[in-house]
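The values are calculated or read from the model by the stated rules, or taken from the named source; none is laboratory data. Quick caveat: nothing in here was measured; it's all calculated off a predicted structure. Quick reminder, even Gly has a Cβ in these numbers, built from the backbone with ideal geometry, and neighbours come from all protein chains shown. Ligands, DNA and RNA are excluded from the accessible area calculation, which covers all protein heavy atoms including side chains. Shrake-Rupley method; radii C 1.70, N 1.55, O 1.52, S 1.80 Å.
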Amino acid sequence: MKILGIESSADETAAAVVEDGNVLLSSVIASSLDLHTVYGGIVPEIAARSHIEVIIPVIEQALADAKSTWEQIDAIAVTQGPGLIGSLLIGVLTARTLAIAKDKPLFPVNHVLAHTYANFITGTPLPGYQLNKAAPEFPFLTLIVSGGHSQIMLYKSHKNYNILGQTRDDAVGEAFDKVAKILGLPYPGGPSIDLAAKTGDPQAIKLPKAKLDNSYDFSFSGLKTATLRAAQELVGKDYTFPSYELPKVLTAGQKADLAASFQKTAVETLADAMVRAESEFLPKAVLLAGGVAANQSLRNELKSRLKTPLLCPDIKLCTDNAAMIAAAAFYGHKQPADPYKLEVIPNLN
Ligand code: KG4
Ligand code: ZN
């Protein structure tokens, strides 16, 4: 079964063809990231306009790369939410129109759950992918860490899963983005912090880890504020010193130390929770997913502390892509949606 996946929940316009939920035949991603960088974050209106411009060429490229004609496509899967309403609308309306015009079943997909399914892609004729050797066995735990979400899920089967914990405030990717902004590092903050941290000392600044009773919930807003206070202190100022002045007065070395210390604390917080969940639920595998899963220090920390095998998608399948949408539809689909009625759900749980 060949599914064409379509993803447009944020600033990436993506289309992919995946066969039987595990063979990646194509994955095309056009990002409007460059247009947002000057603003330090995604501007929803710009993202939506960009999706309109590129979505049809992206889909055509995905079909061409997969050497597939429309006749060979069995179904269309599209991100229904959560995400930016204007962005989601472009993907969903395009998918609805194509489902009607090409007479294909249409499957709505939850973007956050779909991140897990990047780990089910185990084969591809395409060059340059490092994929898991086999599909994860149940039960497994997933740590989904992105710009909008930080949650631990327990999957007993494709249809039987629950959230063990989630962030009570900022998502971890959001914390990376905000700390990068404080340090004057370019957006998106995750890769910038990751890079700056390589030359910094992770022990230089002691930052607090949030302790939330015995739950699996996270909190990252305190860590972000503690990093801001540490930066103000490093330049000899107090909490009244404006954060937008900090990039000018911090030295490159101080920025690197702050980035490394923040990253170490964020990574340890996530790893502490996963180690605890592993010993309580005894999974057969632990999966990493979402944009922050691209972080090498998070991968290393989990690999060295977990007893269970750690599965990570290829870096290109960690950040937003449509292959995960097509794979998620294959394994989790229920009844196809009515292409005349499918609505976006920006705050989909
Ligand atoms: O999954 P994703 O592409 O979009 C959402 O669904 O949010 O994740 C984007 C997030 C951003 O916050 C970005 O800063 C973060 O993933 N990210 C990283 C890295 N690469 C991307 N965070 C830490 N280290 C990285 N190498
Ligand atoms: Zn995402």
* Asked: Which of the residues that make up the range 6-38 are open to solvent by 60 Å² or more (accessible area, probe 1.4 Å) and in contact (Cβ under 8 Å) with a residue 40 or more places away in the chain?
  -> Asp20, Ile29
* Qualifying residue in the range 331-344 (condition: outside any loop (DSSP other than H, G, I, E, B) and out of contact with any Pro (no Cβ under 7 Å at 6 or more places or on another chain)) -> yes
* Residue list for the range 64-81, filter: surrounded by fewer than 20 Cβ atoms within 10 Å (Cβ to Cβ) and either outside the structural domain of Ala323 (by TED's automatic domain parsing) or not charged (D, E, K, R) (or both) -> Ala64, Ser68, Thr69, Trp70, Gln72, Ile73, Ala75
* Taking only the range 188-198 into account, find how many residues are open to solvent by less than 70 Å² (accessible area, probe 1.4 Å) and either of a type in the set (S, T, N, Q) or within 16 Å of ligand 2 (Cβ to nearest atom) (or both). => 4
* Residue by residue through the range 123-157, note down the ones that are part of a loop (DSSP other than H, G, I, E, B) and either within 16 Å of ligand 1 (Cβ to nearest atom) or surrounded by 17 or more Cβ atoms within 10 Å (Cβ to Cβ) (or both). => Thr124, Tyr129, Gln130, Leu131, Asn132, Ala135, Pro136, Ser146, Gly147, Gly148, His149
* Identify the single condition in (1) touching a Phe, Trp or Tyr at 6+ places or on another chain (Cβ under 9 Å); (2) closer than 30 Å to Val275 by Cα; (3) open to solvent by 10 Å² or more (accessible area, probe 1.4 Å) that His111 does not satisfy, given that it satisfies every other one. => (1)
* Asked: Among Leu310, Leu282, Leu302, Leu317, which is more than 8 Å from ligand 1 (Cβ to nearest atom) and on the phi > 0 side of the Ramachandran plot?
  -> Leu282
* To do: Examine the range 100-108 for a residue that is away from ligand 1 (no atom under 16 Å from the Cβ), aromatic (Phe, Trp, Tyr) and open to solvent by 40 Å² or more (accessible area, probe 1.4 Å), and state whether such a residue exists.
  => no
* To do: From Lys255, Lys206, Lys264, grab the single residue that is of a type in the set (Lys, Arg) and not in a helix (DSSP H, G or I).
  => Lys206
* Do we have any residue at all in the range 25-42 that's more than 28 Å from Asn347 (Cβ to Cβ) and either in contact with a His (Cβ under 9 Å, 6 or more places away or on another chain) or polar (S, T, N, Q) (or both)? -> yes
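Yes/no per residue for (1) within 16 Å of ligand 2 (Cβ to nearest atom); (2) open to solvent by less than 50 Å² (accessible area, probe 1.4 Å); (3) in the same structural domain as Lys303 (by TED's automatic domain parsing); (4) without any contact (Cβ under 8 Å) to a residue 60 or more places away in the chain:
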| residue | (1), (2), (3), (4) |
| --- | --- |
| Phe176 | yes, yes, yes, no |
| Pro186 | no, no, yes, no |
| Gly200 | no, yes, yes, no |
| Lys224 | no, yes, yes, yes |
| Lys237 | no, no, yes, yes |
| Thr240 | no, no, yes, yes |
| Gly253 | no, yes, yes, yes |
| Leu258 | no, yes, yes, no |
| Val267 | no, yes, yes, yes |
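Hey, among the residues in the range 164-173 that are within 16 Å of ligand 2 (Cβ to nearest atom) and part of a strand (DSSP E or B), which one's farthest from Phe281 (Cα to Cα)? I'd like the intermediate steps shown before the answer.
Quick first cut of the range 164-173, residues within 16 Å of ligand 2 (Cβ to nearest atom) only: 166-167, 170-173.
Filter once more, so that each one left must be part of a strand (DSSP E or B): 166-167.
On the way: Gln166: 17, Thr167: 20 Å.
Among those residues, the one meeting the criterion is Thr167.
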* Please go through the range 276-324 and pick out each residue that is open to solvent by 10 Å² or more (accessible area, probe 1.4 Å), of a type in the set (A, V, I, L, M, F, W, C) and modelled with pLDDT of 95 or more. => Phe281, Leu282, Val292, Leu306, Leu310, Leu311, Cys312
* Any chance you could count how many residues in the range 11-66 are among the small types (Gly, Ala, Ser) and assigned to a helix (DSSP H, G or I)? => 5
